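Asks: Please find one structure pasted underneath; my questions will follow.
The values are calculated or read from the model by the stated rules, or taken from the named source; none is laboratory data. Since the structure is predicted, the reported quantities are computational estimates derived from the model, not experimental observations. Methodologically, a virtual Cβ is constructed for each residue, glycine included, from the backbone with ideal geometry; neighbour enumeration extends over all protein chains shown.
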Amino acid sequence: MQAKYIIYILLLLSFFIIISNFDNDENSSPNEEQDISKSDTPAYLKSIPEPYYVKPERSVPSTYPGVKQVLMARDHWGNYEMDEFDCSEMAAYIEWKLENNGIDAKICRADNFLSSGIGHAWVAVDLPLSRRCFIEATAMKGTYGIPKYAIIRGNDRDIDAYMNYSNYDAIFEDVYEASKYYGSTQEWDWWGTNDISKADRSILHSRK
């Protein structure tokens, strides 16, 4: 009889523990869940200025002339500097400019570009009414204008160049995806350089 009484007490205690845990789960707020998800964000991603991408009030047409319009809109793109503002930072910069003007752009990366043993980065632009084109980011440096070889189109006479730029090892939708792939923003952090358009730098940092 005493054993039955002990079992009955234990069953009651188990029941109250289950009910208590259920109430705690119900009372947890959405904000608490959001805080947990934020804590899971890698520290290097938090170094990207936010908001990084902003939908424009008026988009530039997703056409070849539209791409040229964006690229021609600034008189200074920064000068090439290894490990500070080289192909990867330049590619991320141009991808940001195109996206913030309403044009779908991606960052491409090859680990052994043209069998040179050197890694390289550039930009891919998907144009709805024509073939994808590529932008050689390092061509967009220094003074005003677009060098002839900066934009590589599918209908160019030099089809070999187009095939070379189509041969990437990875393509990233945005700077977040590119940073996660490398586990760092070091390759893409153009926003840390002063050698770019002052207007673009002020636009980005004013959002912090």
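Asks: Give the residues of segment 187-208 that are polar (S, T, N, Q), under 22 Å from residue 46 (Cβ atoms) and either surrounded by 12 or more Cβ atoms within 10 Å (Cβ to Cβ) or at pLDDT 85 or above (or both), sorted by residue number.
Replies: Answer for segment 187-208, where residues must be polar (S, T, N, Q), under 22 Å from residue 46 (Cβ atoms) and either surrounded by 12 or more Cβ atoms within 10 Å (Cβ to Cβ) or at pLDDT 85 or above (or both): just 193.
Asks: Still on this structure, I have one more. For segment 168-194, give me the residue count where each residue is touching a Lys or Arg at 6+ places or on another chain (Cβ under 8 Å), of a type outside the set (Asp, Glu) and outside any helix (DSSP H, G or I).
Replies: So the answer is 5.
Asks: Also, quick follow-up: Which of the numbered conditions does residue 128 fail, given that it passes all the others? Conditions: (1) assigned to a loop (DSSP other than H, G, I, E, B); (2) at pLDDT 90 or above.
Replies: Every listed condition holds for residue 128 apart from (2).
Asks: Among the residues that make up segment 133-145, is at least one of them in a helix (DSSP H, G or I), at pLDDT below 95 and in contact with a Cys (Cβ under 7 Å, 6 or more places away or on another chain)?
Replies: Of segment 133-145, the ones in a helix (DSSP H, G or I) are 137-139.
From what is left, the residues that are at pLDDT below 95 are 137-139.
If we keep only those that are in contact with a Cys (Cβ under 7 Å, 6 or more places away or on another chain) too, we end up with 137-138.
There is at least one residue in segment 133-145 that is in a helix (DSSP H, G or I), at pLDDT below 95 and in contact with a Cys (Cβ under 7 Å, 6 or more places away or on another chain).
Asks: What pairs come out if I take residues in segment 102-123 that are in contact (Cβ under 8 Å) with a residue 12 or more places away in the chain and pair them with residues that are of a type in the set (Val, Ile, Thr) and outside any loop (DSSP other than H, G, I, E, B) whose C-beta lies under 6 Å away, six or more apart or interchain?
Replies: Filtered contacts from segment 102-123: 105/123; 105/125; 106/171; 108/171; 123/94; 123/135.
Asks: Among the candidates 104, 160, 174, single out the residue that is more than 13 Å from the chain's Cα centre (by Cα), surrounded by fewer than 21 Cβ atoms within 10 Å (Cβ to Cβ) and in the same structural domain as residue 70 (by TED's automatic domain parsing).
Replies: Among 104, 160, 174, only 160 is more than 13 Å from the chain's Cα centre (by Cα), surrounded by fewer than 21 Cβ atoms within 10 Å (Cβ to Cβ) and in the same structural domain as residue 70 (by TED's automatic domain parsing).
Asks: Give the residue, chosen from 88, 184, 166, that is at pLDDT 90 or above, of a type in the set (S, T, N, Q) and under 19 Å from residue 51 (Cα atoms). Reasoning before the result, please.
Replies: Numbers: 88 fails: under 19 Å from residue 51 (Cα atoms); 166 fails: under 19 Å from residue 51 (Cα atoms).
Criteria check complete, one pass: 184.
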